[in-house]
Each structure stands twice: as C-alpha cells, then as structure tokens.
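**Q** Quick one: structure below, then a few questions.
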Amino acid sequence: MSFKSGFVAILGRPNVGKSTFLNHVMGQKIAIMSDKVQTTRNKIMGIYTTDQEQIVFIDTPGIHKPKTALGDFMVESAYSTLREVDTVLFMISADEARGKGDDMIMERLKAAKVPVILVVNKIDKVHPDQLLSQIDDYRKQMDFKEVVPISALQGNNVSHLVDILSENLEEGFQYFPADQITDHPERFLVSEMIREKVLLLTREEIPHSVAVVIDSMKRDEETDKIHIRATIMVERDSQKGIIIGKGGSMLKKIGSMARRDIELMLGDKVFLETWVKVKKNWRDKKLDLADFGYNKKEY
Ligand SMILES: Nc1nc2c(ncn2[C@@H]2O[C@H](COP(=O)(O)OP(=O)(O)OP(=O)(O)O)[C@@H](O)[C@H]2O)c(=O)[nH]1
Ligand SMILES: [Mg+2]
C-alpha cells in the first residue's frame, strides 16, 4: 500500500481545547494548556506518524480580537495555516453558544475554500440535547465536511476523528522522520513549560504579560545534569514582585513544577535557574516580540 500524508490545522476561539486535543492525539505534551485564554502563542506542529501515514497537525493560537502587537501576531499566525493545510478542524466548545468570534472565523474559512470539519469539544460538560441543537445551529452557517463531537480531556471520540482524517488522506510523502514529533526545538518546549507554570499559578493580567526566554541550556559534566538558565519577562515592576513572591516562594514553585515537566520531556536530570526581568510593554514592541520568539518570519 502506498504512503499517505496531509496537513491539518486546528483553529478556533481561545480556550476551546485545541492544544488539549493535539496532546491527546500525540500521547504527550507538545503544546502547553491552561484554563486562561490565549495560552498558545505560536503555531505548533504535532507530527503523527504510523507505518502507512503521516498526519501533520498544526495547533494554532486562539482567534480573538487583538489588542496588542502580540495579539496581531497570534491571530495572523493562526490564519496563515489556511494557506498550508489540506483540512481544517474548526473547534468549538459544547458549553459555549455561537458568538461573533465564531462567525468571523467561519467567514474566513469559507473564503479559504478548504475542507472544514466541525469539532465540538468538551461534550463531557453538556447534555446531549444541547449538543444536537448547537450542531444544528452551526450546520446552518456553513457546509462542514463532517461534524465530530469529542472530549479532548477524556479522550472520547478522539481516535474516531483521527480515523476520519486518515480515511481522507491522499497519497503523499513522509515529510518528517518517523521519530520527529514537532517542528520546534527543545529550547522552545522548555520555555513553554516554564510559561505554563506561570499561567497555572498566577491570575488576571500576569499570564498575558509573561514571556520566557532560555538564556542557555547545556549539560554540566560535573553533575551530569542539563543546566538551564531562563528569564521570565514581565511588563511591570509590580508583576515582577508577584512572580518572585514572598521570599522568592512563587519563583521557587514555578521552577520546581517546570523542572519536573522538563525532566519528563528530556528524560534527563535538570538544574533550572530562573530570573525575572521587566521589559515595559513588550507586547507592543516589535523588537521585543522578535527577541521572545514571536517573529513574523515564523509564519
Ligand atoms: N471539560 C473539558 N475541559 C476541556 C476539554 N478540553 C480542554 N479542556 C479544558 O479547557 C481549557 C483550555 O484548554 P486548551 O487546550 O489550553 O485550549 P486552547 O484552545 O488550546 O486555548 P488557546 O491556546 O488559548 O487558544 C483547559 O483548562 C483544558 O483542561 C474537554 O474535552 N472537556
Ligand atoms: Mg492552545
């Protein structure tokens, strides 16, 4: 049998569960997840390979009305996938009614003329009757190739969705080696895991104001551990105080939680050192954005 492959983008509003879905399919954490909106900031590939096929999933930042240059970057990078993929998974949340944001996304999807599968996620949160009326409502808005209800968190119907994608793949190359799971370097995943812990442990504007930069990452021959130095960037002095916490307690917590995840990912012992720095309004400064990995060249 010949090899099949294809590119699939996962698009939708923030917080609907796009990254949770990607991680479930991949069986490991590639994209960080949180209960805050706008968690994902870059396109992230999850490369799913079997003997007969390769599906390249592209997780994207949640589409929202941008208020900063970072927001512009995020939304544009999400939409840029429309030029690169064979199929779009348009993900919505079963417990949220259709809103203006969803309508706007559907307008863009219609214009892109790419096959779209409506994925209704978080079905564990609603009664089946509510699900049916929501699907009815969406079907009236545009023509979907398929409609698939899932729970990315519990895994319900996720493999069925992957089967549907498999059936629709065309003959094609194996674009990436079978053991490659993502397009980002380890350093990116490490910085994201640190940012995930900040998202988990802080509230309000802090999650949005934080970027993480890896200053260095190398094996220390003496201790035989990977020594990582990372800087957590914030936008204001007050935020720096919160991230450091009383007597450094918050930073310690962020560091030890992140270290555990990083060790799991790298399969190695890690020594993680973190600093906190203020970069005023970095989310609106093009140069800072590029420095922190939010570079237009990325899409
Ligand atoms: N109950 C329930 N919660 C879910 C499900 N899928 C995701 N979640 C939760 O929804 C929240 C958002 O998940 P993410 O995967 O970060 O969402 P996202 O769409 O990638 O969000 P952005 O990156 O901000 O666009 C997290 O708290 C998840 O645990 C699901 O199937 N059921
Ligand atoms: Mg995400």
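**Q** For the Cα atoms of the chain, what angle does the longest principal axis make with the long axis of helix 249-266, in degrees from 0 to 90, nearest 10?
**A** Tilt of helix 249-266: around 60 degrees.
**Q** Taking the beta-carbon count within 10 Å as an exposure proxy, list His127, His64, His24 from fewest neighbours to most.
**A** Taking fewest neighbouring Cβ atoms as first place, the list is His127, His64, His24.
**Q** Once both axes come from the Cα atoms, what is the angle between helix 186-201 and the longest principal axis of the chain, in degrees from 0 to 90, rounded to 10?
**A** Orientation of helix 186-201: about 90 degrees from the principal axis.
**Q** I want to check the label-to-label distance for Leu131 and Lys296. Put each point 7 Å from Cα in the C-beta direction and report it in nm to one decimal.
**A** Distance between the two pseudo-spin positions: 4.4 nm.
**Q** Here's a follow-up. Tell me, what is the percent relative contact order of the chain, built from C-alpha pairs under 8 Å that lie six or more residues apart?
**A** Working: 546 pairs, mean separation 55.0, N = 299.
Relative contact order for the chain comes out at 18 percent.
**Q** Sorted from fewest to most neighbouring beta carbons within 10 Å, what does the list Ile181, Ile150, Ile262 look like?
**A** Working: Ile181 18, Ile150 25, Ile262 22.
The fewest-first ordering by Cβ neighbours comes to Ile181, Ile262, Ile150.
**Q** Test of understanding: ordering Trp275, Trp282 by Cβ neighbours within 10 Å, fewest first, what list do you get? Don't skip to the end; give the middle numbers.
**A** Numbers: Trp275 13, Trp282 23.
With the sparsest Cβ surroundings first, the list reads Trp275, Trp282.
**Q** So what's the angle, to the nearest 10 degrees on a 0 to 90 scale, between helix 158-167 and the longest Cα principal axis of the chain?
**A** Taking the Cα atoms of the chain, the angle to 158-167 is about 60 degrees.
**Q** Give me the distance in nm between label points sitting 7 Å out from Cα along the Cα-to-Cβ direction at Ile164 and Asp183, one decimal.
**A** Computed distance between label sites Ile164 and Asp183 equals 2.4 nm.
**Q** Okay, moving on. Relative to the present Cα-Cα distance, how much length would full extension add between Met1 and Val147 at 0.36 nm per residue of separation? It would help to have the intermediate numbers written out before the result.
**A** Numbers: separation 146, 0.36 × 146 = 52.56 nm, distance 2.86 nm.
That works out to 49.7 nm of additional length.
**Q** Less than 19 Å apart at the alpha-carbon level, and either on another chain or at least 8 residues along: which aspartates and glutamates does that give for Lys285?
**A** Those aspartates and glutamates meeting the cut-off are Asp72, Glu76, Glu205, Glu235, Asp237, Glu298.
**Q** For Lys280, list the lysines whose Cα falls under 23 Å from its own Cα; do not include residues on the same chain fewer than 8 positions away.
**A** Lys36, Lys65, Lys67, Lys197, Lys240, Lys246, Lys296
**Q** So which residue, out of Asp288, Asp179, Asp124, gets the largest mean-square fluctuation from a GNM of the chain using Cα contacts under 10 Å as springs?
**A** Among Asp288, Asp179, Asp124, the largest GNM mean-square fluctuation belongs to Asp179.
**Q** Is the range 4-171 best put as rounded, prolate or oblate by its Cα gyration tensor, with a ≥ b ≥ c the root eigenvalues, rounded for a/c under 1.5, and otherwise prolate when a/b is larger than b/c, oblate when not? Provide the component values of the computation, followed by the final result.
**A** Working: a/c = 1.25, a/b = 1.07, b/c = 1.17.
The shape class here is rounded.
Coordinate-derived values only; no laboratory data. Every value quoted in this text rests on a predicted model; they were computed, and no experiment measured them. Neighbour counts run over all protein chains shown; Cβ positions are idealised from the backbone, glycine included.
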